Amino acid sequence: MDAAFMRKAFALIAKGLIEKEQFLQKEPTRYPYSKTLQHGINMFLSASCQVGCTKAAMDYADESSFLAHYITKPISDWFCEWDSEMMERLKLKEESFYAYEAFAYRRNENTYTPSSECYEFLETQDSDILEGTDESVLYEKMIVLKQETYCRIRRYIIENPIISLDDRRIMSLELAEDQAARDAFQFAYEEITEDCYRCPGCGWTMTKGKYGYSCHSLHCVDTTPELTDKMKLDILAGDYYRLKKGIMRYFAAPGKWELDIAKFCEKKKIQWVLWPQMDRYDVEIRFSDGEIWEIDIKAYRNPIALRTKIQSDNGFPEGEYARGYFVVPGEYMVNQRNYISIINRVLVNQENVKCVTLKTLKTEITRKEASCHAEKQ
């Protein structure tokens, strides 16, 4: 048992939780058992036994007991009974999973909803683990589309977390001559079958369970204002569809910042392109002197997770650009003042690449364009 073993255990647990939610959507009256989740549970409990925590393996071997005891706790709490010397030897506190909050929160007595932390962690894992998740399936469907069609569907997804049945029909008709594009669009959404509100934070759905409200992100739950009747979706009056949760998290949530950068450049009359080279980058900026910057938005609240993802991707994608930027929302700095420095330490070998906040990027864009105008005078 080593750190790699533990990374796989947590990856399987995260994927299994998301599988359970997918199964529940398809068959609401059937218990959503996930073999992937049980595999991850078995691996974690096996590791616990190896460090002397045999009671945990005996008491929490079945899925329901394990979830009730562990899944709503921060990951660091899972290791409370582990020997400190073993923790040090395996360097588990340096692993990205260790810094995560709970992978799920309890919705009803025996139902758990995967948290945004769960989705975020899973995004950092290898493709064989990600295979089969909604976001990976949609990406495979979209990557074969023509660039113009790809951008059109991706932008629609970002701008429309919730659509009506009429919206779905109209878009499907507009894509009727491109079967692959229509399939990708229709796959992205699922029918809303429960009472819910339109989240005032992200525009997705916010539902109420026995233990409180839930959205795709805990940040929405923590910062949402008082919900009003005007925010409630009347599913009895008409059919509504929403983005599948993983797609909301992977495509739409970071997409709002991609569009924000494009709008900022548009206002300053700077050339920009969204998702160039089939999403090799998120935004490409071309200044009036011909210099090109490539931008990659990262919606990871955990800097260790982003660092791990960047390292596994071998840094920023290569290309003919003067500067490359990993950009994170400034709100992520509130509880992680050293967020930027953690990321930039692994970018030292790419001299023209760095991580900045969205606000800093806009400042640098403004400064660069001002220098271009100054050179012309």
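The values are calculated or read from the model by the stated rules, or taken from the named source; none is laboratory data. Bear in mind that the values here come from a model prediction, so they are computed numbers and not experimental data. Every residue, glycine as well, gets a Cβ built from its backbone with ideal geometry; the counts of neighbours run over all protein chains shown. For the accessible areas, the whole protein counts, side chains as well, though only heavy atoms, and no ligand, DNA or RNA atoms are used. Shrake-Rupley method; radii C 1.70, N 1.55, O 1.52, S 1.80 Å.
Structure notes:
- Residues that are open to solvent by less than 10 Å² (accessible area, probe 1.4 Å) and of a type in the set (Ser, Thr, Tyr) occur in region 281-290; there is at least one.
- In region 253-264, residue nearest to residue 18 (Cα to Cα) [restricted to those that are modelled with pLDDT of 90 or more and open to solvent by less than 20 Å² (accessible area, probe 1.4 Å)]: 255
- All positions within region 80-94 that are closer than 11 Å to residue 6 by Cβ and exposed (fewer than 11 other Cβ atoms within 10 Å of the Cβ): none
- One residue stands out in region 265-276 among those that are of a type outside the set (A, V, I, L, M) and open to solvent by less than 40 Å² (accessible area, probe 1.4 Å): the one that is nearest to the chain's Cα centre (by Cα), namely 275.
- Qualifying residue in region 292-300 (condition: surrounded by fewer than 19 Cβ atoms within 10 Å (Cβ to Cβ) and either in contact with a helix residue (DSSP H, G or I) (Cβ under 9 Å, 6 or more places away or on another chain) or β-branched (Val, Ile, Thr) (or both)): yes
- Residues that are at pLDDT 80 or above and part of a helix (DSSP H, G or I) do occur in region 123-135.
- Leading residue by the ranking (modelled with the highest pLDDT) among those in region 10-36 that are buried (at least 16 other Cβ atoms within 10 Å of the Cβ) and either more than 16 Å from residue 104 (Cα to Cα) or polar (S, T, N, Q) (or both): 36
- Taking every residue in region 283-300 that is of a type in the set (Gly, Ala, Ser) and pairing it with any residue that is assigned to a strand (DSSP E or B), at least 6 positions away or on another chain, the pairs with Cβ-Cβ distances below 8 Å are 299/328.
- Near pairs, Cβ below 7 angstrom, 6+ apart or cross-chain, from region 141-163 (under 16 Å from residue 281 (Cα atoms)) to any residue that is open to solvent by less than 30 Å² (accessible area, probe 1.4 Å) and of a type in the set (Phe, Trp, Tyr): 142/150; 150/275; 151/275; 154/251; 154/275
- Test: residue in region 108-124 that is of a type in the set (Val, Ile, Thr) and touching a strand residue (DSSP E or B) at 6+ places or on another chain (Cβ under 6 Å): yes
- Identity of the residue in region 308-330, surrounded by fewer than 21 Cβ atoms within 10 Å (Cβ to Cβ) and under 22 Å from residue 75 (Cβ atoms), that ends up nearest to the chain's Cα centre (by Cα): 309
- Of the criteria (1) open to solvent by less than 50 Å² (accessible area, probe 1.4 Å); (2) under 19 Å from residue 134 (Cβ atoms), which one residue 63 fails: (2)
- Residue check for residue 54: polar (S, T, N, Q), on the phi < 0 side of the Ramachandran plot and open to solvent by less than 20 Å² (accessible area, probe 1.4 Å): no
- Residue among 177, 194, 148 that alone is open to solvent by 30 Å² or more (accessible area, probe 1.4 Å) and assigned to a helix (DSSP H, G or I): 148
- Scanning region 37-51 for residues that are of a type outside the set (S, T, N, Q), open to solvent by 40 Å² or more (accessible area, probe 1.4 Å) and at pLDDT 80 or above yields a count of 1.
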